[in-house]
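**Student:** Pasting in a structure now, in structure tokens, and then I'll have a few things to ask.
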Amino acid sequence: MIKIENLYRSFDGNEVFRGISLEVMKGEVLALIGRSGCGKSVLLKHVAGLMKPEKGRVVVDGREMDVARGRSLTALRDRLGFLFQGGALFDSMNVFENVAFPLKEKTKLSDKRIQTKVLEELDNVGLSGSEYKYPSQISGGMVKRAALARALVGDPEIMLFDEPTTGLDPVTGHDIIKLIDACHRRLHFTGIVVTHEISTVFTIVDRVAMLNEGVVWADGTPSELFSSKDPIVRAFVGDSDGRGKREGGMHEKV
Amino acid sequence: MGLFLVKAVLFMVIPPLKFNRFLKQIRFIGLQSVVLILLTGGFTGMVLGFQGFYSLSKFGSDAFLGPMVGLALIKELGPVLAALMVTGRAGSAITAEIGIMRMSEQIDALELMGLNPYRYLVVPNLLAAMICLPLLTAIFDVVGIFGGYLIGGKLLGVGAGTYFGEMASYVEMQDIMEGFYKSLSFGVIITWVCCFKGYYAGVFTGFGSEGVSRATTQAVVLSSVLILVWDYFMTSILF
């Protein structure tokens with residue numbers, strides 16, 4: 001579903017990607033981990049077509065994101081949902097208007113149908129009763145929930161999560177992860193989750209890829225990463241007791 | 001920056017227009033600037049009344065106060081000062097709003113929804129400014145002319161018939177059109193520069209709140225300078 005081939009990208013002479021290759025199969029959820037500043041969010045933006053690679057390509061469902069333009073890019077993005085680190089809610093709109101916005105602008109659904117769908121989605125993320133509050137009037141966890149509702153309201157086939165638990169307390173962060181899992185079970189999207197919440201996120205993902213020194217340093221199931229002997233992987237995942245959903249072969253590039 | 005303007009004009013002429021956003025910007029750029037324009041127009045006209053009367057009376061030509069105030073306002077001061085006021089009040093706010101949207105990834109969110117940010121953020125502002133600037137300039141001119149009369153006529157003794165009669169004889173349609181073309185082009189300059197600076201806040205001005213504040217300052221300074229430079233070129237062409 002998502003294929004990243006030999007991706008190179010640098011910023012002001014600093015090489016962030018030095019030949020990243022990664023594949024996410026349809027229906028699979030991949031956790032993307034790595035040290036701060038290693039390019040996890042940048043990679044996500046390349047997948048979404050918000051950034052263009054210097055070399056290499058990003059293929060989403062058979063189409064190259066970096067060469068897609070106009071209607072073909074719009075068609076690809078219609079199937080894609082993105083949960084931004086800060087939520088990226090429109091601050092001049094209330095929660096209801098934010099979630100309804102993509103439906104109003106992109107579909108021909110009646111106002112009544114949009115209202116039903118939005119209220120249903122807000123109920124799914126536990127935001128019933130907060131529809132008419134503005135982003136500045138709600139907590140960080142509620143902002144993430146509202147942003148998740150907005151990203152999911154169009155029933156996307158691909159979901160990209162950029163650090164969904166950053167800035168939240170452990171309990172709220174755990175709730176968000178559980179919510180993502182519940183949404184995945186309901187919608188069966190293909191997903192990439194950029195995260196530092198290793199112990200929690202590893203329980204809901206199928207695979208984990210670790211970025212280090214501009215390449216995919218390790219790639220395997222959560223269990224395989226936890227049992228890895230590679231010192232860099234060990235230093236990152238530590239002795240957490242997380243266990244993944246699936247088992248499979250792990251590939252380390254050391 | 002040139003490509004930004006080309007894209008904005010292109011998306012302005014190709015439908016659909018985001019009508020609600022356009023109306024909102026008409027209210028923000030036009031309606032909410034009226035009080036400021038009334039104040040600045042009135043006082044500019046009053047100052048012109050004083051200065052004009054003082055200068056003209058030296059040559060015994062104080063009867064020409066009306067044409068002097070009228071022509072100065074309609075051809076030059078009205079369009080320029082109204083544009084500078086709108087730059088300070090609305091242009092800076094446009095840059096700050098779009099800049100904050102850029103910093104908080106709201107523009108990225110629009111793009112990821114498959115929506116064109118130009119249609120939501122740039123075109124409504126551009127179109128609203130092109131409609132509002134000439135209207136605000138007209139208000140500025142009218143209030144300024146009456147401000148001039150208040151001083152010249154009521155305070156310094158130039159008769160209403162002389163003031164307005166001479167003005168009607170000397171101010172031609174061509175002068176009014178010159179002011180109209182200027183204010184129209186100033187509307188384009190303000191929204192072009194202010195939207196561009198906000199849209200690319202973070203790229204050229206640094207990140208965070210400091211980046212937005214720098215973008216806003218640059219937008220106001222660049223718009224104001226461009227208005228004065230463009231005014232010179234338009235005057236030399238239309239003279």
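The values are calculated or read from the model by the stated rules, or taken from the named source; none is laboratory data. Just so it is clear, the model here is predicted, and its values are computed rather than measured. Neighbour counts are summed over all protein chains in view; Cβ atoms, including those assigned to glycine, are modelled from backbone coordinates with ideal geometry.
**Student:** For B:G157, which of the numbered conditions (1) of a type outside the set (F, W, Y); (2) over 20 Å from B:S185 (Cβ atoms); (3) modelled with pLDDT of 90 or more fails to hold?
**Tutor:** B:G157 satisfies all of (1) of a type outside the set (F, W, Y); (2) over 20 Å from B:S185 (Cβ atoms); (3) modelled with pLDDT of 90 or more except (3).
**Student:** Oh, and also: Which residue is surrounded by the most Cβ atoms within 10 Å (Cβ to Cβ), if the candidates are limited to segment B:172-187 and must be part of a helix (DSSP H, G or I) and of a type in the set (D, E)?
**Tutor:** By that ranking, first place goes to B:E178.
**Student:** Another one. Could you please give the count of residues in segment A:80-116 that are over 19 Å from B:A109 (Cβ atoms) and of a type in the set (D, E, K, R)?
**Tutor:** 4
**Student:** Let me ask something else about it. Only one of these conditions is not met by A:G126: (1) farther than 26 Å from B:R102 by Cα; (2) assigned to a helix (DSSP H, G or I). Which number is it?
**Tutor:** Just one mismatch for A:G126, condition (2).
**Student:** On to the next question. Which ones in segment B:219-238 are polar (S, T, N, Q), under 17 Å from the mean Cα position of the chain (by Cα) and surrounded by fewer than 18 Cβ atoms within 10 Å (Cβ to Cβ)?
**Tutor:** B:T235 - this is the single residue of segment B:219-238 that is polar (S, T, N, Q), under 17 Å from the mean Cα position of the chain (by Cα) and surrounded by fewer than 18 Cβ atoms within 10 Å (Cβ to Cβ).
**Student:** While we're on this one: Return yes or no: is A:D91 at the interface with another protein chain (Cβ under 8 Å from one of its Cβ atoms) and more than 19 Å from the chain's Cα centre (by Cα)?
**Tutor:** yes
**Student:** When you scan segment B:39-53, do you find a residue that is within 30 Å of B:V212 (Cβ to Cβ) and hydrophobic (A, V, I, L, M, F, W, C), even just one?
**Tutor:** yes
**Student:** Give the residue, chosen from B:A82, B:A129, that is more than 14 Å from every other protein chain (Cβ to nearest Cβ), assigned to a helix (DSSP H, G or I), touching a Leu at 6+ places or on another chain (Cβ under 6 Å) and among the small types (G, A, S).
**Tutor:** B:A82
**Student:** Considering only segment A:100-108, I want to know if a residue exists there that is in contact with a strand residue (DSSP E or B) (Cβ under 9 Å, 6 or more places away or on another chain), within 14 Å of chain B (Cβ to nearest Cβ), surrounded by 14 or more Cβ atoms within 10 Å (Cβ to Cβ) and under 27 Å from A:V42 (Cβ atoms).
**Tutor:** The answer is no; no qualifying residue exists.
**Student:** How many residues are crowded, with 23+ Cβ neighbours inside 10 Å and either more than 13 Å from chain A (Cβ to nearest Cβ) or outside any helix (DSSP H, G or I) (or both) if we restrict to segment B:114-123?
**Tutor:** Total satisfying the criteria: 2.
**Student:** Right, next: With the requirement that a residue be outside any loop (DSSP other than H, G, I, E, B) and at positive phi, what does segment A:29-58 give you?
**Tutor:** Once the filter is applied, which keeps residues that are outside any loop (DSSP other than H, G, I, E, B) and at positive phi, segment A:29-58 yields A:G34, A:G56.
**Student:** Can I ask one more? So, in segment B:88-103, how many residues would count as being more than 21 Å from the chain's Cα centre (by Cα) and surrounded by fewer than 20 Cβ atoms within 10 Å (Cβ to Cβ)?
**Tutor:** 2
**Student:** Of the numbered conditions (1) outside the structural domain of A:L168 (by TED's automatic domain parsing); (2) part of a strand (DSSP E or B); (3) not β-branched (V, I, T), A:Q115 satisfies every one except a single condition; which is it?
**Tutor:** (2)
**Student:** Please go through (1) on the phi < 0 side of the Ramachandran plot; (2) surrounded by 18 or more Cβ atoms within 10 Å (Cβ to Cβ); (3) at pLDDT below 90 for A:E163 and return the number of the only condition it doesn't satisfy.
**Tutor:** (1)
**Student:** Report, ordered by the first and then the second residue, all pairs with beta carbons closer than 6 Å, sequence separation of six or more or different chains, a first member in segment A:48-75 that is free of Cβ contacts under 8 Å to residues at least 12 places away in the same chain and away from chain B (no Cβ under 13 Å), and a second member that is in a loop (DSSP other than H, G, I, E, B) and aromatic (F, W, Y).
**Tutor:** none
**Student:** A follow-up question, please. If you take the residues in segment A:56-75 that are in contact with a Gly (Cβ under 9 Å, 6 or more places away or on another chain) and at pLDDT 85 or above, which one is farthest from A:A151 (Cα to Cα)?
**Tutor:** Here the answer is A:G56.
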